[in-house]
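Colleague: This is the structure, below, for whatever I ask next.
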Amino acid sequence: MRRHKSVPLLGLLLLAACSSAPTAAPDPSQAAIAAVTSGLRAPVVVTGEPEQAFALVDRMAHYKVPGVSIAVVDSGRIVWARGFGLKSAGTTDSVTDSTLFQAASISKPVAATGLLRLVEEGKLTLDAPVNSYLTSWRVPENRFTSREKVTLRRLVSHSAGLTVHGFPGYAAGDTLPTVPQILDGVRPANTGAVRVDVVPGSRWRYSGGGTTVFQLAMTDVTGEPFPALMKRLVLDPIGMTHSTYEQPLPAALAGREAAGHSNDGTAVPGRWHTYPEMAAAGLWTTPSDLMHWALGVAGARAGTSTGVLSKDMATQMLTVQKAPSGLGPALEGSGRAFRFGHGGANRGFRAHVYYFPETGQGAAVMTNSDNGSALVREVMNAIAKVYQWPEFGPREVARFVKDSVSLAGYPGRYAIERPQAITATVTIEGSTLYIEVPGFVSKSELIFIEANKAIFTDGLEITFVPDAKGAITGIELGGMTIRRVP
């Protein structure tokens, strides 16, 4: 795997703004920080090919990611938190450890924490039909709900059978819809109606639409605006002092936030999109605050903290309901390697949080770019190596060799319009295939691991779908089938 050269000017700007920490006071974590920021590791290592380490500043330039914020937990406490780079490209406004980023879908497990608090207060129950709590809108009944009901447990574990994977947000100046308008898919909503189209409880399928349903249940039963409700239930008790679910970001916080950026490195018009789907995508926060959330949930599970959830409820939260979901968080591994967390992807922002409750280790990494996902994974791999996280690191794969003639059948455009417009472009350069999905995946090498299955260099898998004659007609990516188009 070859190392990409940095863009000199951007590299110099990033280096100049590289750390928000004061340099006068000695910091025992400096060696670890240096090891992390000089030891980024790709998510995929090919057997027999050398693994390379990258510098954070170089990879930020390579991916056109202006700013990164990182918080690391070891031995059950935050050991360091730093900002790197710029809040907005072309400025000198540096990211600090208190700069606000959009958490995107990490909003979901934090919102689920508030939902579970209402369950413990007796205002909601996990297994009753959610329609028994909804007053301003109701899940439409149909042949699927006649067999099984949509419940809060199923909503929060992505197994309620509801549609609408995610939300693109609303650009500056757009008219914002109400939550019922979003759920019915009527203007000014920019996504389709949230409806049950498989039997609730029968399968796992990620649904931001389902999260929006439980957001409405929370506000219907309490009568409180969602941002104020979450501040009372979770943010204040758990110590997330730099966080808010307010959408759009209030004027009082203006200037503290990072601007989102597109794949080409330019700022999103208006700096960021607004998400009235607050539980699904609306949290503004910092990596340190995300680690406070993780520590609070883990402490409740261990019985050492009852400030937010009881031990029993936290244990349920971190128990698989429908793999890979608990009651909110995504769950991976077992034993010492058990970890919970979530990823996030909003317009112009990418982030991830992990926590290992058995070892007291974890990290949150937030970026202000559509290209941030690959960088986040590389940073996480560096942290995992320095702090010796159990069973976490690059995936090693054996390269399935295909000749240049057989590769010629793969390049082309692949597109879908629903549940949201996505176009993937596969190109060939020499004997190497590349894929790019604007807004989701920056240009990435495809490494074949089977005849029609490949893995991106940033860790995602793709399966090419052939017809009866072997011609490629589509791809399967992230649970979606994307058809080839002229």
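A quick yes/no check of all residues on (1) on the phi > 0 side of the Ramachandran plot; (2) in contact with a helix residue (DSSP H, G or I) (Cβ under 7 Å, 6 or more places away or on another chain); (3) outside any helix (DSSP H, G or I); (4) free of Cβ contacts under 8 Å to residues at least 60 places away in the same chain:
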position: Ile33; (1), (2), (3), (4): no, no, no, yes
position: Val36; (1), (2), (3), (4): no, yes, no, no
position: Val57; (1), (2), (3), (4): no, yes, no, yes
position: Met60; (1), (2), (3), (4): no, yes, no, no
position: Ile70; (1), (2), (3), (4): no, yes, yes, no
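Colleague: Here's another thing I want to ask about it. For the subset of region 420-433 comprising residues that are surrounded by fewer than 17 Cβ atoms within 10 Å (Cβ to Cβ) and not small (Gly, Ala, Ser), which member is modelled with the lowest pLDDT?
Modeller: Of all residues in region 420-433, those surrounded by fewer than 17 Cβ atoms within 10 Å (Cβ to Cβ) come to 420-421, 423, 425, 427-432.
Among the residues that remain, those that are also not small (Gly, Ala, Ser) are: 420, 423, 425, 427-429, 432.
On the way: Gln420: 59, Thr423: 85, Thr425: 92, Thr427: 94, Ile428: 92, Glu429: 90, Thr432: 89.
Among residues in region 420-433 that are surrounded by fewer than 17 Cβ atoms within 10 Å (Cβ to Cβ) and not small (Gly, Ala, Ser), the one modelled with the lowest pLDDT is Gln420.
Colleague: Report, ordered by the first and then the second residue, all pairs with beta carbons closer than 9 Å, sequence separation of six or more or different chains, a first member in region 152-180 that is farther than 19 Å from Asn346 by Cβ and open to solvent by 20 Å² or more (accessible area, probe 1.4 Å), and a second member that is among the small types (Gly, Ala, Ser) and in a helix (DSSP H, G or I).
Modeller: If the second residue must be among the small types (Gly, Ala, Ser) and in a helix (DSSP H, G or I), the pairs left are Arg154/Gly210; Thr163/Gly209; Thr163/Gly210.
Colleague: Based on what the data block shows, is Val65 open to solvent by less than 40 Å² (accessible area, probe 1.4 Å), out of contact with any Pro (no Cβ under 9 Å at 6 or more places or on another chain) and farther than 14 Å from Ile383 by Cβ? I'd like the intermediate steps shown before the answer.
Modeller: Numbers: open to solvent by less than 40 Å² (accessible area, probe 1.4 Å): yes; out of contact with any Pro (no Cβ under 9 Å at 6 or more places or on another chain): yes; farther than 14 Å from Ile383 by Cβ: yes.
In short, yes.
Colleague: Determine which member of the set Ala294, Ala281, Ala337 is of a type in the set (A, V, I, L, M) and within 20 Å of Ala160 (Cβ to Cβ).
Modeller: Sole residue among the options that is of a type in the set (A, V, I, L, M) and within 20 Å of Ala160 (Cβ to Cβ): Ala281.
Colleague: Further question on the same structure: Being open to solvent by 20 Å² or more (accessible area, probe 1.4 Å), under 17 Å from Val213 (Cα atoms) and in a loop (DSSP other than H, G, I, E, B) is the filter here, so list the residues in region 181-190 that pass it. Full working, then the answer.
Modeller: Here is the first cut: in region 181-190, the ones open to solvent by 20 Å² or more (accessible area, probe 1.4 Å) are 181, 184-188, 190.
Adding the requirement that they be under 17 Å from Val213 (Cα atoms) leaves 181, 184-186, 190.
Matches in region 181-190: Gly185, Val186, Asn190.
Colleague: Now, a different point. Do we have any residue at all in region 394-408 that's of a type in the set (Gly, Ala, Ser) and free of Cβ contacts under 8 Å to residues at least 24 places away in the same chain?
Modeller: To start, the set of residues in region 394-408 that are of a type in the set (Gly, Ala, Ser) comprises 398, 404, 406, 408.
Cutting the leftovers down to free of Cβ contacts under 8 Å to residues at least 24 places away in the same chain gives us 406, 408.
Yes: one or more hits.
Colleague: On to the next question. Within region 247-291, restricting attention to residues that are charged (D, E, K, R) and touching a strand residue (DSSP E or B) at 6+ places or on another chain (Cβ under 7 Å), which residue is surrounded by the fewest Cβ atoms within 10 Å (Cβ to Cβ)? Write out each step before concluding.
Modeller: Narrowing region 247-291 to residues charged (D, E, K, R): 256-257, 264, 271, 277, 289.
Retained after the next criterion (residues that are touching a strand residue (DSSP E or B) at 6+ places or on another chain (Cβ under 7 Å)): 256-257.
Numbers: Arg256: 15, Glu257: 18.
Per the criteria, the residue is Arg256.
Colleague: Sticking with this one: Return yes when Val386 is open to solvent by less than 10 Å² (accessible area, probe 1.4 Å), under 19 Å from Ile33 (Cα atoms) and in contact (Cβ under 8 Å) with a residue 60 or more places away in the chain and no when it is not.
Modeller: Numbers: open to solvent by less than 10 Å² (accessible area, probe 1.4 Å): no; under 19 Å from Ile33 (Cα atoms): yes; in contact (Cβ under 8 Å) with a residue 60 or more places away in the chain: yes.
The answer is no for Val386.
Colleague: Quick one: would you say Phe340 is open to solvent by 40 Å² or more (accessible area, probe 1.4 Å), among the aromatic types (Phe, Trp, Tyr) and touching a residue at least 40 places away in the same chain (Cβ under 8 Å)?
Modeller: On the way: open to solvent by 40 Å² or more (accessible area, probe 1.4 Å): no; among the aromatic types (Phe, Trp, Tyr): yes; touching a residue at least 40 places away in the same chain (Cβ under 8 Å): yes.
Taking the combined requirement at face value, the residue does not satisfy it.
Colleague: What is the number of the single condition among (1) out of contact with any His (no Cβ under 8 Å at 6 or more places or on another chain); (2) open to solvent by 10 Å² or more (accessible area, probe 1.4 Å) that Val95 does not meet?
Modeller: (2)
Colleague: Looking at region 351-378, which of its residues are assigned to a helix (DSSP H, G or I) and touching a His at 6+ places or on another chain (Cβ under 6 Å)? Lay out the reasoning, then the answer.
Modeller: In the first step, residues of region 351-378 are kept if they are assigned to a helix (DSSP H, G or I); the result is 372-378.
If the condition is that a residue be assigned to a helix (DSSP H, G or I) and touching a His at 6+ places or on another chain (Cβ under 6 Å), then Val376 is the only one that fits.
Colleague: Considering only residues of region 191-243 that are of a type in the set (D, E, K, R) and in a helix (DSSP H, G or I), which is surrounded by the most Cβ atoms within 10 Å (Cβ to Cβ)? It would help to see each step written out before you state the result.
Modeller: Here is the first cut: in region 191-243, the ones of a type in the set (D, E, K, R) are 195, 197, 203, 205, 220, 224, 231-232, 236.
Next, only the ones that are in a helix (DSSP H, G or I) stay: 220, 231-232, 236.
Working: Asp220: 15, Lys231: 19, Arg232: 14, Asp236: 14.
The extreme case among them is Lys231.
The values are calculated or read from the model by the stated rules, or taken from the named source; none is laboratory data. Note that the structure is a prediction, hence the values are computed from the model and not measured. Glycine also receives a Cβ, built like all others from the backbone with ideal geometry; neighbour counts cover every protein chain displayed. Side chains included, ligands, DNA and RNA excluded: accessible areas come from the protein's heavy atoms. Shrake-Rupley method; radii C 1.70, N 1.55, O 1.52, S 1.80 Å.
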